[in-house]
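Some notes on the structure that comes next.
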Amino acid sequence: MTGTLSPAERHQADIPEFPMPRASACPFDPPPALREQQEQAALTKVRLWDGSTPWLVTRYADQRALLADPRVSADITRPGYPSQAASRTNTIGFILMDDPEHARQRRMVTAPFTLKRVESLRPRVQQIVDSLIDEMLAGPRPVDLVEAFALPVPSLVICELLGVPYADHDFFQENSRTIINRNSTVEERGVALGRLSEYLDALVGEKSDSPAEDLLSRLAARVKDGELTRLEAARMGVLLLIAGHETTANMIALGTLALLEHPDQLDALRGTSDPKLVAGAVEELLRYLHITHSGRRRVALERIEIAGQTIEPGDGLVIPNDIGNRDPEAFDDPDRLDVRRDARHHVAFGFGVHQCLGQPLARMELQVVYGTLYRRIPTLRLAAALEDVPFKHDGSVYGVYELPVTW
């Protein structure tokens with residue numbers, strides 16, 4: 001009973017729980033509680049699974065300011081970091097580190113993701129997309145777009161870029177799903193990460209003996225030169241392998257579903273040969289759908305005054321890009337999907353020094369997919385009721401498990 005609680009305990013009890021992802025009637029919208037928080041206050045305390053009470057940052061301008069602030073840390077091992085899991089040791093790579101180590105490791109894998117290098121891959125991605133569409137058109141209907149198309153496109157691309165055999169895709173997809181599933185135990189995540197680390201470690205060893213023109217060979221050379229340990233190289237490979245196929249695969253399927261549910265927007269995209277419109281549609285879908293939907297996590301290193309609040313050193317920060325990308329101060333009529341909107345300033349890829357390394361590759365892949373699939377299969381339609389589509393409410397990466405389509 002609240003009457004028997006101390007003032008501190010009453011204050012703790014009054015702090016709302018962090019809204020779980022996708023507790024919404026519309027599968028494309030953020031949880032209603034996030035919108036309520038955004039309307040009420042820019043920053044507010046929320047309670048996480050472990051009883052900790054970080055700041056929830058819901059407004060676009062504040063999110064960008066804090067993500068770019070050097071007084072804010074991405075280091076998961078720091079006290080106060082609002083972790084989503086009980087373990088802080090099973091991490092994958094430099095995204096949960098601070099500079100200078102973050103910058104040192106990131107520089108080692110930057111070259112393949114530059115705009116020039118990514119554009120050189122566009123013909124190969126187009127070939128992959130066309131080949132998979134050919135297979136779908138020649139096969140039975142309906143078809144699961146996730147299995148037949150959305151997963152293979154980015155998986156084939158990242159495998160070729162890294163130098164990972166695509167024949168092993170079932171293995172790495174199964175383990176990556178365990179790592180990003182919020183319902184996985186600490187032990188299950190640790191086992192999955194260990195399997196992938198051992199797998200990439202063995203590949204790094206092979207590339208050291210027989211280098212090729214791929215990213216793992218470059219990392220193997222860094223290990224030989226003493227710039228990286230084998231474990232660091234393997235963990236970087238795990239990070240790139242998971243990030244390179246999970247997010248884009250979910251974006252392909254979920255983006256297709258969103259367009260099928262908004263036929264006027266699909267018509268605009270299907271009927272164009274303008275690459276600028278296709279590129280703009282990619283940015284709008286990235287803004288509208290927010291695949292990483294459980295919030296970027298940070299911890300304050302110093303006192304920060306922002307939006308009328310004082311963040312103290314050691315205070316955790318939860319920064320969900322899904323509600324930031326629906327801020328009416330940044331985007332007019334933000335809950336409306338509009339492929340002609342200029343949405344390039346979205347925060348789907350984050351902001352600041354930790355902004356997503358692979359965003360040029362993801363953008364290019366999505367441009368090829370969205371510019372090809374609906375043109376080549378103009379009568380594509382959903383082969384199930386929307387309420388029967390299984391959404392990934394249990395993952396840190398949002399999407400659909402299956403997407404039955406026909407034409």
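The values are calculated or read from the model by the stated rules, or taken from the named source; none is laboratory data. Everything numeric here is computed off the predicted structure, so don't read it as measured data. Glycine also receives a Cβ, built like all others from the backbone with ideal geometry; neighbour counts cover every protein chain displayed. The protein model used for the area step is the full one, side chains on, heavy atoms only, and it has no ligands, DNA or RNA in it. Shrake-Rupley method; radii C 1.70, N 1.55, O 1.52, S 1.80 Å.
For LEU382, the shell of other residues with beta-carbons less than 14 Å away shows a net charge of -3, using +1 for Lys and Arg and -1 for Asp and Glu. When a 1.4 Å probe is rolled over the protein heavy atoms, the share of accessible surface on the stretch 89-132 that falls to carbon and sulfur comes to 62 percent. Converting phi to 3J(HN,Hα) with the Karplus coefficients 6.51, -1.76 and 1.60 and the offset θ = phi - 60°, the stretch 333-343 yields 6, x, 8, 9, 7, 9, 5, 8, 6, 8, 10 Hz in sequence order, with x at every glycine or proline.
Roughly speaking, to the nearest percent, how much of the stretch 275-407's 1.4 Å accessible area is carbon and sulfur?
Reported share for carbon and sulfur atoms: 49 percent.
Averaging 1/r over every pair of different alpha carbons in the stretch 289-367 and inverting the result gives a Kirkwood radius of 14.6 Å. Note on the stretch 186-261: the alpha carbon radius of gyration divided by the globular reference 2.2 N^0.38 Å gives 1.40. Three principal axis extents of the chain based on alpha-carbon atoms, in descending order, are 69, 55, 35 Å.
Within the set of other residues whose C-beta is less than 12 Å from the C-beta of SER52, count the net charge using Lys and Arg as +1 and Asp and Glu as -1. Could you put the intermediate results ahead of the total?
Values: positive: LYS45, ARG47, ARG297; negative: GLU17, ASP50, ASP315.
Charge balance near SER52 sits at 0.
Counting charges near GLU305 (Lys, Arg +1; Asp, Glu -1) among other residues having Cβ under 15 Å from its Cβ returns a value of -3. Each of VAL339, HIS290, LEU231 was scored by the projection of its Cα onto the charge dipole of the stretch 211-341, and the greatest displacement toward the positive side belongs to LEU231; charges sit on the C-beta of Lys, Arg, Asp and Glu.
Amide H contacts of ASP315 (H built 1.01 Å from N, in plane; Pro and chain starts excluded): ALA300 sit under 5 Å, all sequence-distant by 5 or more or on other chains.
In a reduced charge model with +1 at each Lys and Arg Cβ and -1 at each Asp and Glu Cβ, the stretch 159-284 shows a dipole moment near 300 debye about its Cα centre.
When the Cα atoms of the stretch 97-224 are aligned to their principal axes, the ranges along those axes come out at 50, 41, 30 Å in descending order. Between the amide H of LYS45 and those of LEU56, distances stay under 5 Å, these residues lying 5 or more places away or on another chain, with hydrogens modeled in the peptide plane.
Please report, as a whole percent, how much of the solvent-accessible surface of the stretch 142-242 comes from carbon and sulfur atoms (probe radius 1.4 Å). Please list the in-between numbers first.
Values: 2170 of 4310 Å².
Solvent-exposed carbon and sulfur of the stretch 142-242 make up 50 percent of the total.
Check which residues have an amide H placed less than 5 Å from VAL72's amide H, if you skip close sequence neighbours. So VAL72 has HN proximity to LEU301.
Write down the accessible area per residue of the stretch 193-330 in Å², having rolled a 1.4 Å probe over the full set of protein chains. Write out the running numbers ahead of the final one.
Numbers: 5000 Å² over 138 residues.
About 36 Å² of surface per residue is accessible.
Converting phi to 3J(HN,Hα) with the Karplus coefficients 6.51, -1.76 and 1.60 and the offset θ = phi - 60°, the stretch 152-158 yields x, 4, x, 5, 4, 5, 5 Hz in sequence order, with x at every glycine or proline.
Restricting attention to the stretch 167-238, which GluC sites (Glu not before Pro) occupy a DSSP loop and are surrounded by at most 15 other Cβ atoms within 10 Å?
Here the GluC sites (Glu not before Pro) that fit, given the DSSP loop and packing criteria, are GLU213, GLU227.
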